[in-house]
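The values are calculated or read from the model by the stated rules, or taken from the named source; none is laboratory data. Just so we're clear, the structure is a prediction, and the values are computed from it rather than from any experiment. Neighbour counts run over all protein chains shown; Cβ positions are idealised from the backbone, glycine included. Just the protein is used for accessible areas: all its heavy atoms, side chains included, with ligands, DNA and RNA removed. Shrake-Rupley method; radii C 1.70, N 1.55, O 1.52, S 1.80 Å.
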Amino acid sequence: MKPNKAVIDYLATPRPFLVNGEWITSDENLIENSIDPATEKVIGSFYAAAIQDVNKAITAAHSSFQQKNWRGKTPSEMAKHLWTIADLIDEHGDTLAYLETLDGGKPFAAARYGEVSMAAESFRYYAGWCSKIGGRTTDISIPGDFHSYTKKEPIGVVGLITPWNGPLVMAAWKIAPALAAGCSLVIKPSELTSLSTLYLGKLISEAGIPDGVVNIVPGDGETVGATIVNSPMVKKVSFTGSTETGKKLIQASAGNLKKLTLELGGKSPVLVFDDADLGKAIPGIADGIFSNAGQVCVAGSRLYAAPEIYDDLLSGLIDYANNLRVGSGLDPKTQMGPLISAQHRNKVLRYISDGIDQGAKVEAGGNKIDGDGFFIEPTILSDVAPSNCVAQEEIFGPVLSIIKIENMDEAIVQANASNYGLAGSVWTQDISKAHKIASEINAGIFWINCHGIPDMAVPFGGYNQSGWGREGGPEGLDYYLETKSVIAAL
Ligand code: NAD
């Protein structure tokens, strides 16, 4: 497959960034290259925002909030705008998907029919919420005649910071609820994958969102990201990224007590009982770890299998891994693309070799794939001790660790023995057992006989060190709202 003409035209010149409705292309800004991880070639470039640009973006968002350019609209007008953005995303779906594939390496079909559709759905879902935001009246016990009620108000200017593994969809998961709540915003995409967020900005402008309400400032975390987090004008930051960076944000916001929602890393357990339907479990589990080359926060990376079905499950998974077609996301036959960078590939390979040094056995893969692109083989490690680094730490690559267990009671204890708590799944045909396990496992989202399926209506977020707060559903909207209580003496 070849990218369409719209993508070729879009990438022909360095992409500007968006501040107060203007697309900035100043000679003073650094131009950063975007690399295709499947070929290691430059596919395009973008202007990186400097600290003064970020401050201008924050000021523009603040003025638009003060002037009520957006939050002053009726809920129905807001909803129409969000719905228009969704329609534009669908209309430009191929272009956005090519950008995701070229910039991040994911197979085109996954980008087109997974992420682009989900991004549009995010705007449609929160368009529906614009007209459902409201407070409540409450009777109070103070003697006298009073009327009391609560109001929901937008929190103010919000900073949104996203990672590289799903740039478009993660931008949509944050921008849509922020706009539905009436906030103005400054978003910083990952420096590794900024192109689709910049393109989304074009569509947002086209949809008629007033200038200054949505500002996009690409650049690195230490300057652009940190400036957003340090600004007292930014009332809340919604961050998706690693647990390590999340901890830095907590420190940086301590001085101004900024509100934070943090969608962080994971090490999600997968429990397979002896009555599981292996015909469904094997592809489901493999997809749960190998899709997007394992660069998924909810990747099912720790496997606990009942001894009775262990051999059949393992041989099915090995077969699946060995037959997975690894290659460029532009090849329609590709099932797994590359890792995002050479640096990240080295990190994943280091985990594999440390895991082996700590006693793990390689059942499939384990190696870098020679040639252009940051590819590695889909990897399965068995005999993994619970203390092994590949059982404890987030690898963020296509590496499945099978942990040694004697029985499923031990599996539940081991599954919960983690600093993380983002997601998990269970595979069994006994539905009552499945629901019991769902309530036993410490995870923000849990799947039964499937893994990694998101939906905008379902809140998403982590227990433990996997984060604070939720995205999706009404819960996700609430993190962009303040509650005001009013008591009136009558
Ligand atoms: P990262 O933490 O390195 O970077 C995330 C974002 O933070 C980037 O935009 C980066 O530029 C910015 N950043 C870095 N340092 C910063 C600082 N000091 N101040 C402000 N911003 C800063 O994460 P990554 O490597 O881009 O993404 C992979 C991680 O994201 C994995 O750990 C993965 O589990 C996590 N993730 C979590 C979810 C979730 O919903 N829980 C979803 C996707 C990815």
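Miscellaneous remarks
- Residue in region 116-148 that is surrounded by the fewest Cβ atoms within 10 Å (Cβ to Cβ), counting only those that are of a type in the set (Gly, Ala, Ser) and under 21 Å from the mean Cα position of the chain (by Cα): SER117
- Qualifying residue in region 71-89 (condition: assigned by TED's automatic domain parsing to the domain that holds MET233, farther than 19 Å from ALA180 by Cα, in contact with a Leu (Cβ under 8 Å, 6 or more places away or on another chain) and crowded, with 19+ Cβ neighbours inside 10 Å): no
- Positions within region 463-487 being of a type outside the set (Ser, Thr, Tyr), open to solvent by less than 30 Å² (accessible area, probe 1.4 Å) and in contact with a strand residue (DSSP E or B) (Cβ under 7 Å, 6 or more places away or on another chain), in sequence order: GLY467, GLY469, GLU471, GLY472, LEU481
- Qualifying positions in region 405-420 - of a type outside the set (A, V, I, L, M) and surrounded by 22 or more Cβ atoms within 10 Å (Cβ to Cβ): SER418, TYR420
- Qualifying positions in region 295-308 - open to solvent by 20 Å² or more (accessible area, probe 1.4 Å) and more than 29 Å from the chain's Cα centre (by Cα): PRO307, GLU308
- Top-ranked residue in region 193-203 [being open to solvent by less than 10 Å² (accessible area, probe 1.4 Å) and not hydroxyl-bearing (Ser, Thr, Tyr); ranked as farthest from the ligand (Cβ to nearest atom)]: LEU203
- Unmet criterion (only one of (1) in a loop (DSSP other than H, G, I, E, B); (2) touching a residue at least 24 places away in the same chain (Cβ under 8 Å)) for ASP370: (2)
- The number of residues in region 213-245 being more than 21 Å from the chain's Cα centre (by Cα), within 14 Å of ASP53 (Cβ to Cβ) and surrounded by fewer than 24 Cβ atoms within 10 Å (Cβ to Cβ) comes to 2.
Matching residues to (1) of a type outside the set (A, V, I, L, M, F, W, C); (2) within 9 Å of the ligand (Cβ to nearest atom); (3) at pLDDT 95 or above:
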site	(1), (2), (3)
ASP145	yes, no, yes
GLY156	yes, no, yes
PRO163	yes, yes, yes
VAL169	no, no, yes
GLU191	yes, yes, yes
SER205	yes, no, yes
GLY212	yes, no, yes
ALA226	no, yes, yes
LYS235	yes, no, yes
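- Strands (runs of 3 or more DSSP E) within region 189-264 that include 3 or more residues more than 12 Å from ALA171 (Cα to Cα): 234-240, 259-263
- The combined condition, being among the polar types (S, T, N, Q), closer than 20 Å to GLU394 by Cα, buried (at least 18 other Cβ atoms within 10 Å of the Cβ) and within 16 Å of the ligand (Cβ to nearest atom), is not fulfilled by SER341.
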